[in-house]
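First the structure, in the form of structure tokens, and then the observations on it.
The values are calculated or read from the model by the stated rules, or taken from the named source; none is laboratory data. All values reported here derive from a predicted model rather than from experimental measurement. Cβ sites come from the backbone with ideal geometry, for glycine too, and all protein chains shown count toward neighbours. Just so you know, the surface numbers come from the protein's heavy atoms only, side chains and all, with ligands and any DNA or RNA stripped out. Shrake-Rupley method; radii C 1.70, N 1.55, O 1.52, S 1.80 Å.
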Amino acid sequence: MPNPSLIHIFGEVLFDHFPDGSRVLGGAPFNVAWHLQAFGQAPRLISRIGDDPEGREIAQLMQNWGMRADALQTDPMHPTGSVQVSIAHGEPRYDIVADCAYDFIDQNPLSEQPSAGILYHGSLALRNPVSRAALQTVKARHRGKIFIDVNLRPPWWEPDTLLTLLHDADWIKLNEDELLTLCPGHTDLESAMQAFSDQFALETLFVTRGAQGALVYDLQHRFVSVKPPESTFVVDTVGAGDAFAAILLWGLSRQWPLPTTVERAQAFAGALVGRRGATVADESFYLAFAASWRISQYL
């Protein structure tokens with residue numbers, strides 16, 4: 001029987017390459033899965049790596065971190081994903097290499113078993129019709145909620161394709177600029193959020209606002225706002241939204257109160273920006289949050 005509490009993560013896994021020559025494992029869906037694993041949630045990552053040194057390194061790192069790899073595919077023809085990250089005025093910019101392994105997630109192995117729980121996916125891995133078809137196969141077999149994390153990375157998205165997918169969502173997360181791009185013509189953020197939520201019949205809409213925190217709108221017509229402390233130390237903001245999304249998924253899967261979920265998501269994202277890159281390979285970093293929230297890491 002499908003596991004009703006399992007979180008399925010569909011999309012890209014790659015290496016972020018920074019101007020100083022360093023590189024960090026990343027890709028929004030992978031980052032989310034990495035954080036959830038650290039909190040004992042054992043997500044199922046549906047992705048694809050190349051049959052190359054980078055792909056083998058990813059597989060080994062996942063094994064070392066305890067992540068399940070039953071839905072991680074290996075591509076004999078296309079390389080593992082990579083992104084060149086530059087920082088301009090404190091904000092990251094991304095040069096995303098095309099035709100990587102995650103663009104070619106194979107739908108055939110994904111048609112065998114039904115799934116339940118929460119299905120999370122972004123928009124970047126859907127730039128290629130092969131991976132779009134794989135997602136449709138997963139969704140056709142899924143009997144739970146869908147969380148879409150919008151990442152508009154020009155030129156890797158098409159309005160018609162994305163808007164069609166958003167109608168399937170129960171929850172959507174995106175940043176303020178992305179919201180105004182997809183829902184133009186509003187004089188203030190709250191009216192745009194209301195219109196967007198109505199358009200896609202959402203249970204909850206999460207809008208991140210960088211240094212201003214986040215604003216959330218739900219079915220009960222409530223707005224919940226959170227802000228980081230002014231003393232937040234920032235190394236870079238790469239992966240901050242993914243850290244935020246990971247805690248949202250954890251809270252939604254465990255039915256935490258919405259204000260609690262959003263406050264914890266903001267706290268975790270605020271700590272992540274004090275580290276280089278989008279993932280942290282230090283278990284104590286995660287244990288400190290579980291302890292401060294007075295919850296077991298494995299609940």
**Item:** Value of [θ]222 nm, deg cm²/dmol, for the chain, DSSP H segments ≥ 4, -39500 (n - 2.57) each, nearest 500
**Value:** -10500 deg cm²/dmol
**Request:** Could you rank T181, T261, T237 by how accessible they are, 1.4 Å probe, largest area first?
**Result:** T181, T237, T261
**Prompt:** Using a 1.4 Å probe on the protein chains only, how many percent of the accessible area of the chain belongs to carbon and sulfur?
**Reply:** 50
**Item:** Exposure rank, largest accessible area first [K173, K145; 1.4 Å]
**Value:** K145, K173
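Count the DSSP beta bridges whose two residues both fall in the chain, then state the antiparallel fraction as a percent rounded to the nearest 5. Show your work: numbers first, answer last.
Working: 19 of 48 bridges.
Percentage antiparallel, nearest 5: 40.
In nm², what is the average projected area of the convex hull enclosing the Cα atoms of segment 126-245?
Orientation-averaged projected area of the Cα hull: 8.7 nm².
How much accessible area per residue does the chain have, in Å², with a 1.4 Å probe? Write out the running numbers ahead of the final one.
Values: 13250 Å² over 299 residues.
Here the residues of the chain average 44 Å² of exposed surface.
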**Request:** Name the residues whose placed amide hydrogens come within less than 5 Å of the amide hydrogen of E12, ignoring near sequence neighbours (fewer than 5 apart) on the same chain.
**Result:** F30, A125
**Request:** List, largest first, the extents of the alpha carbons of segment 76-150 along their principal axes, each in whole Å.
**Result:** 44, 30, 15
**Request:** Rank these residues by their accessible area, most exposed first, probe 1.4 Å: E12, E283, E230, E54.
**Result:** E230, E283, E54, E12
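Of all beta bridges DSSP finds with both residues in segment 161-226, what is the antiparallel percent, to the nearest 5?
Working: 9 of 14 bridges.
The antiparallel proportion sits near 65 percent.
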**Item:** Percent of C-alpha pairs per 10 Å bin, segment 236-286, short to long
**Value:** 28, 51, 20, 0
**Request:** Please give the peptides 113-124, 156-167 ranked by average Cβ packing (other Cβ atoms within 10 Å per residue), highest first, as a rough proxy for protection.
**Result:** 113-124, 156-167
**Request:** Please pull out the direction-averaged projected area of segment 192-299, using the convex hull of its alpha-carbon atoms, in nm² to one decimal place.
**Result:** 7.1
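State the dimensionless ratio Rg/Rh of segment 1-117 (Rg: radius of gyration of Cα atoms; Rh: Kirkwood radius).
Numbers: Rg = 14.8 Å, Rh = 14.9 Å.
We get a ratio of 0.99 for segment 1-117.
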**Interchain or long-range residues, amide H under 5 Å from A281's placed H** = none
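So if I take the alpha carbon set of the chain, get Rg, then get Rh from the Kirkwood formula, what is the Rg over Rh ratio?
Values: Rg = 17.9 Å, Rh = 19.2 Å.
With Rh from the inverse mean 1/r over Cα pairs, Rg/Rh is 0.93.
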